[in-house]
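Trainee: Before anything else, here's the structure in question.
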Amino acid sequence: MSSGISRGESSAIPELKQLAAQASAAEVQDGMVVGLGSGSTATLAVDAIGSRVRSGLKIVGIPTSERTAEQSRRLGIQLSTLGEYSQIDLTIDGADEVELGSLNLIKGGGGNQLREKIVASASTRLVIIVDESKLVSHLGDHAKVPVEVAQFGWQATARALTRLNGVPTLRVTANEKPFVSDGGNYILDCAFGRIDSPESLARQLDSIVGVVEHGLFIGMASLILVGTAEGVKRLERGSR
């Protein structure tokens, strides 16, 4: 079950995101290698980290998208790559849905799930920042699962996803042209509905030829920082 934010409360969502973003920036310590996420909420976190950098914080950032890289350079954040750093201390990113209890995620609404998952996989800790509207009892309650696919033969890949009852829709731009990820791939947004076993679905998606990556992040989040009207709530893996 989602948190059920009403229309009146929804106007406060930007402020709730900002609360979570500020809390995530406080997790960053001097000398860290930090993965910098993508999307609207992660952008707020990068801004907050940039403010700390201007105040003397010294970090190295690993961006998950070209847009995040551009933002980070403007803020004076030193950037590098996974070629230079094999291990990331902490990655901060957003999510489309967070499953209560498991802390499994759906990510990729911004179209960067491949790079986000690569960076998250190389991280000691993955901190996710959301407002409370993103909390659900089951993944798929509201969000579609973004599936990044090779451009070649994407229609065949879409048919394979349909056989999983995914109802894939090709993501397009405002000009009605196919959206192309930073990795040069298309994205099929798949409406699976309530996902009873994210682990099983992830394995099935991984087995489809043509699928480059998908937005199911299973067992990867260490900490969820949730912006609420009462302040920031911390949901940690393994805690009850």
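Trainee: Any residue that is closer than 19 Å to residue 117 by Cβ, in contact (Cβ under 8 Å) with a residue 12 or more places away in the chain and over 15 Å from the mean Cα position of the chain (by Cα) - is there at least one of those in segment 55-64?
Mentor: Looking for residues that are closer than 19 Å to residue 117 by Cβ, in contact (Cβ under 8 Å) with a residue 12 or more places away in the chain and over 15 Å from the mean Cα position of the chain (by Cα), one finds at least one in segment 55-64, hence yes.
Let's see how each residue does on (1) surrounded by 14 or more Cβ atoms within 10 Å (Cβ to Cβ); (2) more than 17 Å from residue 123 (Cα to Cα):
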| residue | (1), (2) |
| --- | --- |
| 36 | yes, no |
| 50 | yes, yes |
| 62 | yes, no |
| 66 | no, yes |
| 69 | yes, yes |
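Trainee: Could you please find all residues in segment 182-199 being outside any strand (DSSP E or B) and more than 24 Å from residue 102 (Cβ to Cβ)?
Mentor: Passing the criteria: 182, 183, 184, 185.
Trainee: A further question on this structure: Looking only at segment 17-27, how many residues end up being of a type in the set (A, V, I, L, M), within 21 Å of residue 58 (Cβ to Cβ), surrounded by fewer than 24 Cβ atoms within 10 Å (Cβ to Cβ) and under 18 Å from the mean Cα position of the chain (by Cα)?
Mentor: Qualifying residue count, segment 17-27: 2.
Trainee: Still on this structure, please answer the following. Of all residues in segment 173-202 being among the β-branched types (Val, Ile, Thr) and out of contact with any strand residue (DSSP E or B) (no Cβ under 6 Å at 6 or more places or on another chain), which is farthest from residue 70 (Cα to Cα)?
Mentor: Only one residue tops the list, namely 195.
Trainee: Additional query: State all residues of segment 44-67 that are assigned to a loop (DSSP other than H, G, I, E, B) and among the small types (Gly, Ala, Ser); if no residue qualifies, say none.
Mentor: Scanning segment 44-67 gives 55, 56, 65.
Residues checked against (1) assigned to a helix (DSSP H, G or I); (2) more than 28 Å from residue 88 (Cα to Cα):
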position: 138; (1), (2): no, yes
position: 141; (1), (2): no, yes
position: 160; (1), (2): yes, yes
position: 180; (1), (2): no, no
position: 201; (1), (2): yes, no
position: 213; (1), (2): no, no
position: 221; (1), (2): no, no
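Trainee: Assuming residue 170 fulfils every condition listed in (1) touching a residue at least 60 places away in the same chain (Cβ under 8 Å); (2) touching a helix residue (DSSP H, G or I) at 6+ places or on another chain (Cβ under 8 Å) apart from one, which condition is it?
Mentor: (1)
Trainee: Might you let me know whether segment 157-174 holds any residue that is under 24 Å from residue 121 (Cβ atoms), modelled with pLDDT under 95 and surrounded by 16 or more Cβ atoms within 10 Å (Cβ to Cβ)?
Mentor: yes
The values are calculated or read from the model by the stated rules, or taken from the named source; none is laboratory data. What you are looking at is a predicted structure, and each value in this text was computed from that prediction instead of being measured. Methodologically, a virtual Cβ is constructed for each residue, glycine included, from the backbone with ideal geometry; neighbour enumeration extends over all protein chains shown.
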